[in-house]
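Before any comments, here is the structure.
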Amino acid sequence: MSCMENGLVISHKKLGRDLYEIEFIAPRIAPCCQPGQFVHVKTGGTMDPLLRRPLSLYDVDEKLNSITLLYKVVGKGTELLTKIKVKENINVMGPLGKGFSLGDYKSVLLVGGGVGIAPLIYLARVLRERGCKVTVLYGAARSEELVAFDRLRSIGVELMLATMDGSAGYKGLVTELLYDKINPHDIEFIYTCGPEPMMVAVKDYADKYGIKGEVSLEENMACGVGACLGCARKLKPEDDHYVKVCKDGPVFSMADIK
Amino acid sequence: MTRAENKLNENDLDISVNLGGLILKNPVTVASGTFGYGMEYEDFVDISEIGGVIVKGTTLEPRSGNPIPRIVETPAGMLNAIGLENPGIDVFLRDFLPYLKEKGVTVIANIAGNTIEEYARIAAKIENSEGIAAIELNISCPNVKKGGLQFGTNPDTVKEVVEAVKRETSLPVIPKLSPNVTDIVEIAKAAKAGGADALSMINTLMGMAIDIKNKKPVLANIFGGLSGPAIKPVALRMIYQVYKEVTLPILGGGGILDYKDALEFIMAGATAVSIGTGNFVNPCLALEIVEGIKKYMVQENIKSISELVGAAVIK
């Protein structure tokens with residue numbers, strides 16, 4: 001069940017250039033969350049911007065009933081969001097959308113790029129708690145943008161980094177690590193979120209070795225609940241119908257996309 | 001006499017309205033295309049409490065809608081070019097309507113055709129099913145090539161399409177007028193001449209946005225319909241003009257974000273209001289506006305909402 005709630009902000013900090021982490025108490029929403037779902041955030045009380053911003057769940061603290069979001073400032077809405085202070089309220093609708101499937105896997109691979117790491121953090125934690133071995137390939141342009149590094153370390157995953165400038169880990173695309181470092185026979189399922197070319201490369205890898213997986217897509221949204229049909233998308237170019245990223249996704253099976 | 005002595009109780013208020021034979025328990029509806037089929041918002045609000053739910057525009061055949069991008073946010077509003085994506089009238093009547101009926105929702109269908117005959121055929125299908133309270137005629141969608149707006153900008157075709165639909169149905173027929181015309185009063189008069197029971201106004205204003213990085217229109221459809229608070233003054237002006245000249249009840253909307261906006265529309269001549277883009281900002285908005293209107297009525301000692309309709313219109 002989803003709802004709209006005013007969450008009390010308990011932490012809001014800048015993690016790196018344009019990257020922020022906000023945590024708020026949401027007693028009604030937090031208990032209903034699943035990894036891969038999102039909340040639809042009112043960034044302020046303005047008419048410009050007017051619409052909410054969909055942000056995926058970075059983590060949920062089941063004891064505190066808090067939700068943490070990782071976001072990147074990309075425009076007016078996210079810029080306004082940075083102004084919300086601790087002890088103020090943040091208005092969110094959620095949890096929304098279809099999250100990741102949590103199969104009974106022994107070993108999975110997560111591939112995250114940039115701020116796309118956000119939903120994979122919550123997922124990694126839940127999978128680890130279920131006893132699953134989690135390997136994470138995490139890439140960004142430069143080391144300062146690898147802001148989820150500490151969380152991944154504390155979750156206890158096998159972690160490999162890549163940066164375009166070589167300031168941390170492998171120098172180059174995170175997807176190049178797939179062929180270099182991963183034994184496909186050790187992986188039962190792949191989850192990915194990040195820039196689309198990255199996700200395409202991950203899907204190519206998964207297809208090559210016959211591994212199933214899921215991707216989390218991003219799209220501009222108005223309603224966030226499947227009513228306005230604004231976030232429509234064709235999963236395959238030849239499809240004659242559109243899916244709604246907000247309601248049918250944001251997580252989709254790799255087998256369904258092209 | 002002071003206000004305190006005179007104070008009304010909220011239970012004494014009459015907020016039901018008659019929109020050309022369509023009785024609404026309160027004057028706040030949700031606009032077509034902004035509320036899906038109602039169930040999308042069920043977690044957030046009791047949809048049966050809303051004055052009326054105007055469901056997504058429905059065509060005779062299923063439509064897959066326009067290519068993407070379909071929406072873009074603009075100052076104090078948004079542009080959309082969804083292109084009437086919908087599963088068709090048969091699927092709506094079979095799969096969605098029974099549930100809404102069971103829930104006790106006041107359902108207003110919004111229909112669009114490629115031809116006048118298609119409008120009539122959809123109306124006939126609705127006439128043969130139960131659970132729909134009125135028909136809103138979409139003759140103003142700016143985002144489809146055929147139908148929609150082309151019917152709404154010519155007074156003769158407006159009259160013709162309303163007549164064709166009226167022949168097929170006993171339900172109140174409410175054409176939704178486009179603001180993309182030179183003279184909205186002329187179109188409203190044509191709708192009345194065709195037998196319209198009420199008027200819904202306004203649909204979105206045609207607009208566009210440009211991506212300066214790629215030097216291209218943002219929307220795949222190039223143009224889209226502008227909605228949100230940016231269009232409120234235009235909507236108010238048009239409703240005011242039509243109220244003065246045409247004796248049909250008006251369902252007014254365009255950028256309503258709170259009860260004060262809603263009262264402006266009512267005072268400009270709207271019998272009821274519709275909430276559109278505001279639903280995206282706050283899914284509980286329609287019912288919050290009902291509460292706000294009631295508080296205002298108590299404060300101002302107004303017993304019946306009808307006293308406020310057209311209250312600001314200078315005769």
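The values are calculated or read from the model by the stated rules, or taken from the named source; none is laboratory data. Computed from a predicted model, the values in this text were never measured in an experiment. In this analysis, Cβ positions are derived from the backbone assuming ideal geometry, glycine residues included, and neighbour counts consider all displayed protein chains. We work out accessible area using only protein heavy atoms, side chains counted, and drop any ligands, DNA or RNA first. Shrake-Rupley method; radii C 1.70, N 1.55, O 1.52, S 1.80 Å.
Below is a table of values for the structure above.
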{"quantity": "Sole exception among (1) under 23 Å from B:LYS7 (Cβ atoms); (2) surrounded by fewer than 24 Cβ atoms within 10 Å (Cβ to Cβ); (3) of a type in the set (Gly, Ala, Ser) for B:ALA262, by number", "calculated": "(2)"}
{"quantity": "Options A:LEU173, A:LEU159; residue that is away from chain B (no Cβ under 14 Å) and outside any loop (DSSP other than H, G, I, E, B)", "calculated": "A:LEU159"}
{"quantity": "Residue under evaluation A:ILE121, criteria (1) outside any strand (DSSP E or B); (2) open to solvent by less than 30 Å² (accessible area, probe 1.4 Å); (3) among the aliphatic types (A, V, I, L, M); (4) out of contact with any Asp or Glu (no Cβ under 6 Å at 6 or more places or on another chain), criterion not met", "calculated": "(4)"}
{"quantity": "Residues of region B:38-55 satisfying the condition of being facing another protein chain (nearest Cβ under 8 Å) and either touching a Lys or Arg at 6+ places or on another chain (Cβ under 6 Å) or not acidic (Asp, Glu) (or both)", "calculated": "B:TYR41, B:PHE44"}
{"quantity": "Count - residues of region B:254-293 that are aliphatic (A, V, I, L, M) and within 11 Å of chain A (Cβ to nearest Cβ)", "calculated": "3"}
{"quantity": "Long-range neighbours under 7 Å by Cβ, at least six apart or interchain, first residue farther than 16 Å from B:LEU199 by Cβ and within 12 Å of chain A (Cβ to nearest Cβ) within region B:227-245, second among the acidic types (Asp, Glu) and open to solvent by 10 Å² or more (accessible area, probe 1.4 Å)", "calculated": "B:LYS232/B:ASP261"}
{"quantity": "Selection count where residues are part of a loop (DSSP other than H, G, I, E, B) and facing chain A (nearest Cβ under 8 Å), scope region B:57-101", "calculated": "9"}
{"quantity": "Among residues of region A:205-257, those that are more than 14 Å from chain B (Cβ to nearest Cβ), more than 20 Å from the chain's Cα centre (by Cα) and open to solvent by 40 Å² or more (accessible area, probe 1.4 Å), counted", "calculated": "4"}
{"quantity": "Residue list for region B:102-117, filter: part of a loop (DSSP other than H, G, I, E, B) and out of contact with any helix residue (DSSP H, G or I) (no Cβ under 7 Å at 6 or more places or on another chain)", "calculated": "B:LYS103, B:GLY104, B:VAL105, B:THR106, B:ALA112, B:ASN114, B:THR115"}
{"quantity": "Strands (runs of 3 or more DSSP E) enclosed by region B:179-251 - at least 3 residues per element that are crowded, with 22+ Cβ neighbours inside 10 Å, modelled with pLDDT of 95 or more and not aliphatic (A, V, I, L, M)", "calculated": "B:224-227"}
{"quantity": "Qualifying residue in region B:127-142 (condition: part of a loop (DSSP other than H, G, I, E, B), under 28 Å from B:GLU40 (Cα atoms), of a type in the set (A, V, I, L, M, F, W, C) and open to solvent by less than 40 Å² (accessible area, probe 1.4 Å))", "calculated": "yes"}
{"quantity": "Residue under evaluation A:GLY112, criteria (1) in contact with a strand residue (DSSP E or B) (Cβ under 9 Å, 6 or more places away or on another chain); (2) not assigned by TED's automatic domain parsing to the domain that holds A:ILE187, criterion not met", "calculated": "(2)"}
{"quantity": "Selected residue [within 21 Å of A:ARG128 (Cβ to Cβ), out of contact with any helix residue (DSSP H, G or I) (no Cβ under 7 Å at 6 or more places or on another chain), open to solvent by less than 30 Å² (accessible area, probe 1.4 Å) and at pLDDT below 95] from A:ILE182, A:ILE187", "calculated": "A:ILE182"}
{"quantity": "Matching entry among B:SER32, B:SER48 (being out of contact with any helix residue (DSSP H, G or I) (no Cβ under 6 Å at 6 or more places or on another chain), crowded, with 23+ Cβ neighbours inside 10 Å and either assigned to a loop (DSSP other than H, G, I, E, B) or touching a residue at least 60 places away in the same chain (Cβ under 8 Å) (or both))", "calculated": "B:SER32"}
{"quantity": "Any pair with Cβ under 6 angstrom, 6 or more apart, that starts in region B:1-26 at a residue that is on the phi > 0 side of the Ramachandran plot and ends at one that is surrounded by 15 or more Cβ atoms within 10 Å (Cβ to Cβ) and modelled with pLDDT of 95 or more", "calculated": "B:GLY20/B:PRO172; B:GLY20/B:ASP197; B:GLY20/B:ALA198; B:GLY20/B:PRO249; B:GLY21/B:PRO172; B:GLY21/B:ASP197"}
